[in-house]
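So the structure is just underneath, and the comments pick up after that.
The values are calculated or read from the model by the stated rules, or taken from the named source; none is laboratory data. Everything numeric in this text was worked out from a predicted model, so none of it was measured. Cβ atoms come from the backbone with ideal geometry, glycine included; neighbour counts cover every protein chain shown. Surface accessibility is based on the protein's heavy atoms, side chains included, excluding ligands, DNA and RNA. Shrake-Rupley method; radii C 1.70, N 1.55, O 1.52, S 1.80 Å.
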Amino acid sequence: MNDQTAVLGLIDIAPNARGWGFSRYILGKLPFKHIPGLQFCKVLGSGLNGGFSTTPSLTKQGFFCVFDSAQNAARFEESSSILKAYQDHAKEFFLATVQPYSSRGSWSGFSLLCSDPNPPKLGPIASLTRASIRPSKAMQFWAKAKPAEDAINLASGKILTAGVGEAPYFRQATFTIWDNAQSLDQYAQQGAHLSAIKAAYGQAYFSESMFTRFRVIKAQGTWQGKHVQIP
């Protein structure tokens, strides 16, 4: 049975560790090499104040790792030296362990596997939306992005939101956690977000995209001053 499991980390680098934090971008995926069961890894930056912004943050960053099993994901969380190094250099640190139940598209050619397509009836879910934005469509995309971010900040049932990406302006992602699937659907199917999605598909904003929903196995830590503990 497939139990592909993802681990997403969000880090605000401590003021006295900014050199170490900057080195994460230089080293990229190298510190994650040879981790058992790791199928996919992205080292990420974040927008200003941890949001979805064209202005990059100097301290906020993250990573997204996909493992072939829940067991290998747990082993990474319990004993990985790179994970401990992030914690030791962090002002804020947040970690989420999630399993996909719905996914379409790909990220650098990698697609997530879903063994059970049914959303959980109760409890929190997470969402990851990422896209490679066509340079010719970037201005139109960002004109739609700001109203959608404003709407998500006001959305009912949202537990956490983070804007992350591989490169400013053109390769962006949004990670969110919600009280339940109904809360996410209510946000996604109306207002500024719905308008942005219709424009993105209707006008081919993206050269590649991936939209995934996850069961939240656990999530804990602090991001943008907010403490989260699930379960």
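The table below lists the values:
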quantity	calculated
Condition check for Ser102: more than 27 Å from Ser209 (Cα to Cα) and among the hydroxyl-bearing types (Ser, Thr, Tyr)	no
Matching option when the condition is in contact with a strand residue (DSSP E or B) (Cβ under 6 Å, 6 or more places away or on another chain), open to solvent by less than 40 Å² (accessible area, probe 1.4 Å) and among the hydroxyl-bearing types (Ser, Thr, Tyr), among Ser23, Ser57, Ser80, Ser69	Ser57
Residue in segment 33-48 that is in contact with a Pro (Cβ under 7 Å, 6 or more places away or on another chain) and within 26 Å of Gln4 (Cβ to Cβ) present	yes
Complete set of residues in segment 95-122 that are over 19 Å from Ile35 (Cβ atoms), open to solvent by less than 30 Å² (accessible area, probe 1.4 Å) and touching an Asp or Glu at 6+ places or on another chain (Cβ under 9 Å)	Tyr101, Ser106
